[in-house]
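Please read the structure below before turning to the comments.
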Amino acid sequence: MRQAGVVVAAALLLAGCGQKAPEAGEASPPAPTTPVAPAPEEAPVQPLPPGSPGALPDDRTPVSEAPFTPESAQGAAQVVQTYFALLESGRAAEGRANWSDAAQADAFVAGLGEFRSFHALIGAPGEIEGAAGSLYVEVPVQLYGRLKDGGEGHRIGAATLRRVNNVPGASADQLRWSISGVALRPAP
């Protein structure tokens, strides 16, 4: 008789939860546990406002959204945008293909080791300059994120990209923009 009373009590409790009551002889479902409160989340890190020290310039000139060619300065900026998007998503090995030197790419990623997470803002590219059969362009980069110690991290600088200037016999790989270096410094 006592077992029937337990089954009835369990059935009444579960009915209030919308769950099926156990049949006679079945084990009762485990007792509900007290939910553990999630750890408080840290506020997301915001980029420094344009024009402030350590931020991209506030030149109020929108970047052209017109179609561009891969050989243009905007094409170079797209390489930088793609690279940092790959880094943010944990795909640094894939991003390495955007560099002209894999060892330099690995060294740059190692230098970001103080960050737990980060995002990048990519500025308008500078003017393309030529030298000795190569073209160069600088693309501003503003990095911001959460450091491993929990603090905020802000970096500012630029990526330098290089490509061969349509030299006869140049390979397709030489004719595309590739990152030759990224120099970031702590924002003031």
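The values are calculated or read from the model by the stated rules, or taken from the named source; none is laboratory data. Small disclaimer: the values here were computed from a predicted structure and weren't measured. Cβ atoms come from the backbone with ideal geometry, glycine included; neighbour counts cover every protein chain shown. Note: areas computed on protein heavy atoms with side chains; ligands, DNA, RNA excluded. Shrake-Rupley method; radii C 1.70, N 1.55, O 1.52, S 1.80 Å.
Residues that are touching a helix residue (DSSP H, G or I) at 6+ places or on another chain (Cβ under 9 Å) and either part of a loop (DSSP other than H, G, I, E, B) or open to solvent by 50 Å² or more (accessible area, probe 1.4 Å) (or both) within the range 110-120 comprise 112, 117, 119, listed in sequence order. Sort through 31, 11 and tell me the only one that's surrounded by 13 or more Cβ atoms within 10 Å (Cβ to Cβ) and modelled with pLDDT under 75. Residue meeting the stated conditions: 11.
Report whether or not residue 183 is assigned to a strand (DSSP E or B) and surrounded by 14 or more Cβ atoms within 10 Å (Cβ to Cβ). It is false that residue 183 is assigned to a strand (DSSP E or B) and surrounded by 14 or more Cβ atoms within 10 Å (Cβ to Cβ). Scanning the range 140-177 for residues that are open to solvent by 30 Å² or more (accessible area, probe 1.4 Å), part of a loop (DSSP other than H, G, I, E, B) and closer than 30 Å to residue 54 by Cβ yields 148, 149.
For the range 111-145, the set of residues classified as more than 20 Å from the chain's Cα centre (by Cα) and more than 26 Å from residue 58 (Cα to Cα) consists of 130, 131, 132, 133, 134, 135, listed by residue number. Regarding the range 84-102, can at least one residue be identified that is closer than 17 Å to residue 56 by Cβ, open to solvent by less than 30 Å² (accessible area, probe 1.4 Å) and assigned to a helix (DSSP H, G or I)? Yes. As a summary of the residue check, residue 137 satisfies the conditions (1) open to solvent by 60 Å² or more (accessible area, probe 1.4 Å); (2) in contact with a Pro (Cβ under 6 Å, 6 or more places away or on another chain); (3) assigned to a strand (DSSP E or B) except for the one numbered (1).
When 109, 79, 6 are checked against the criterion of being of a type in the set (Val, Ile, Thr) and either over 20 Å from residue 139 (Cα atoms) or at pLDDT below 90 (or both), a single residue qualifies: 6. Taking the stated definitions as given, is residue 125 out of contact with any Lys or Arg (no Cβ under 9 Å at 6 or more places or on another chain) and under 23 Å from residue 42 (Cα atoms)? Taking the combined requirement at face value, the residue does not satisfy it. The residues of the range 57-77 that are within 24 Å of residue 118 (Cα to Cα) and open to solvent by less than 80 Å² (accessible area, probe 1.4 Å), listed by number, are 58, 63, 74, 75, 76, 77.
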